1. Considering the stretch 64-88 alone, what residues qualify as being of a type outside the set (A, V, I, L, M), surrounded by 15 or more Cβ atoms within 10 Å (Cβ to Cβ) and outside any helix (DSSP H, G or I)?
2. What pairs come out if I take residues in the stretch 60-82 that are assigned by TED's automatic domain parsing to the domain that holds P94 and closer than 14 Å to P101 by Cα and pair them with residues that are in a loop (DSSP other than H, G, I, E, B) and not β-branched (V, I, T) whose C-beta lies under 6 Å away, six or more apart or interchain?
Amino acid sequence: MIQDTLGRHSYARHPRRRSLPARLALVAATVAGGLLVVGGVAYAGAPNPTDRVVVHAGQTLWGIAQAHYPGTGVEQAVSEIESANHLRSADIRPGETLTLPAP
């Protein structure tokens, strides 16, 4: 309690507070926004697991690189495919499944 200049007692007024549902909604929105940001950052660096190719007879690593990485240097794309699949050379066999790294 606070006394005013005339000696009367009055209760101090607190700054207006948000209601409980409003505070909960604010917390939920903040958490959801944070999860979207963190999830976006995490997903951006992860390779797409559906980027796989099964090698068919007559296909070459060079041809696969040209088909799946247009506008990219083919030599660089071949090197990245070799690295992602732990290949020692560009030799591939029909039936082999290759993982294609994100461009």
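1. Those that are of a type outside the set (A, V, I, L, M), surrounded by 15 or more Cβ atoms within 10 Å (Cβ to Cβ) and outside any helix (DSSP H, G or I): Y69, N85.
2. Final answer for the pair search is L61/A90; H68/L100; Y69/P103; A77/Y69; E80/P101.
Table: residues versus (1) over 11 Å from I92 (Cβ atoms); (2) at pLDDT 90 or above; (3) of a type in the set (G, A, S).
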{"position": "V31", "(1), (2), (3)": "yes, no, no"}
{"position": "L35", "(1), (2), (3)": "yes, no, no"}
{"position": "V38", "(1), (2), (3)": "yes, no, no"}
{"position": "Y43", "(1), (2), (3)": "yes, no, no"}
{"position": "D51", "(1), (2), (3)": "yes, no, no"}
{"position": "V55", "(1), (2), (3)": "no, yes, no"}
{"position": "T60", "(1), (2), (3)": "no, yes, no"}
{"position": "G63", "(1), (2), (3)": "no, yes, yes"}
{"position": "Q66", "(1), (2), (3)": "yes, yes, no"}
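The values are calculated or read from the model by the stated rules, or taken from the named source; none is laboratory data. Since the model is a prediction, treat every value here as computed from it, not as a measurement. In this analysis, Cβ positions are derived from the backbone assuming ideal geometry, glycine residues included, and neighbour counts consider all displayed protein chains.
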